[in-house]
Amino acid sequence: MKKCPYRVHVFTFAALLLLAGAGCTSEIQTTPSPSPSDEAAVETTAFARYEDAVLGIAFEYPEAWGAITAQNEVGFEFEDNGSVKTAPGGIPIQKGIVHRTLIFSGLRAEPSGREFFLVGSNPSGGGILGRGGYFGDLSDGFQTREGVEEWCQEQQTCETFSTPNGIRVAHIYHPSIEEWGEVTEDVDYYAIHHPDHAFSGLVISNEDVIDAGLGRQEEAMRHLVDSLEFLPPSQSRD
């Protein structure tokens, strides 16, 4: 079965530009064994495949978590003094897409109201206007292999491994983190460098999966990471 979800949102120039995901999904039947450390076991053995031509990646994820959609954050051109360049009328000049965020549409994370799980960073996309930070900003540091290695070395505990597809990943686990006054437990971050691609920095996290009430979902998230593929140039578009 082929699924091609589309959802489009348009905000003002100072907000994020939300565009529909560029991927499609198809059912894949697997029988994973839930990890005892998960707060909630994976409720289904049905996994779907998602491909994103903009990010140049593909992976599998639990189908019960809903269709995947995408948000594109627009970057802007800046002057050397740090001020944003403007066109006549004072409208900021857009440069490109600086972040692309993937979202599980079937989850409703609280209190954040988001269901983000993967963010790609484009170093040529320009700079961002003022906003609060979130885990996706980590992807800016993963635009080179050295950046991933440095981030890993700075952590108290960090493991590196190669996926079955030969992709190098740095992984850290936080028993608890505090953001915006809220504490989240059992948080995982996966750092990946995507060589020779516009969106060269990738970060994957279970933060909003936890906020949605599903617990750590270590088995499902690791399955997603292990199934990650870099699409050939013929299947990618910047």
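Could you identify the single residue in 229, 178 that is surrounded by fewer than 17 Cβ atoms within 10 Å (Cβ to Cβ), out of contact with any Lys or Arg (no Cβ under 9 Å at 6 or more places or on another chain) and farther than 18 Å from residue 99 by Cβ?
178
What number of residues within segment 187-225 are among the acidic types (Asp, Glu), under 20 Å from residue 60 (Cβ atoms) and surrounded by fewer than 19 Cβ atoms within 10 Å (Cβ to Cβ)?
Residues meeting the conditions: 1.
On the given criteria, is residue 184 more than 30 Å from residue 83 (Cβ to Cβ), polar (S, T, N, Q), surrounded by fewer than 19 Cβ atoms within 10 Å (Cβ to Cβ) and modelled with pLDDT under 95?
Judged against the criteria, residue 184 is a match.
Take the residues in segment 40-69 that are surrounded by fewer than 20 Cβ atoms within 10 Å (Cβ to Cβ) and among the hydroxyl-bearing types (Ser, Thr, Tyr), then tell me which one is modelled with the highest pLDDT.
Looking at the filtered set, the residue picked out is 45.
Can you give me the ranges of the strands (runs of 3 or more DSSP E) entirely in segment 123-238 with at least 2 residues that are in contact (Cβ under 8 Å) with a residue 12 or more places away in the chain?
168-179, 182-193, 201-205
The conditions are (1) touching a Lys or Arg at 6+ places or on another chain (Cβ under 9 Å); (2) free of Cβ contacts under 8 Å to residues at least 40 places away in the same chain, and residue 48 fails exactly one of them. Which is it?
Single failed check for residue 48: (2).
How about segment 73-99: which of its residues are touching a strand residue (DSSP E or B) at 6+ places or on another chain (Cβ under 7 Å), surrounded by fewer than 20 Cβ atoms within 10 Å (Cβ to Cβ), touching a residue at least 24 places away in the same chain (Cβ under 8 Å) and under 18 Å from residue 130 (Cβ atoms)?
Answer for segment 73-99, where residues must be touching a strand residue (DSSP E or B) at 6+ places or on another chain (Cβ under 7 Å), surrounded by fewer than 20 Cβ atoms within 10 Å (Cβ to Cβ), touching a residue at least 24 places away in the same chain (Cβ under 8 Å) and under 18 Å from residue 130 (Cβ atoms): 77, 78, 84, 92, 94, 95.
Go through segment 61-83 and count every residue that is assigned to a strand (DSSP E or B) and either farther than 10 Å from residue 126 by Cα or within 18 Å of the chain's Cα centre (by Cα) (or both).
Qualifying residue count, segment 61-83: 10.
The values are calculated or read from the model by the stated rules, or taken from the named source; none is laboratory data. Computed from a predicted structure; not experimentally measured. As a convention, Cβ positions derive from the backbone with ideal geometry for all residues, glycine included, and neighbour counts pool all protein chains shown.
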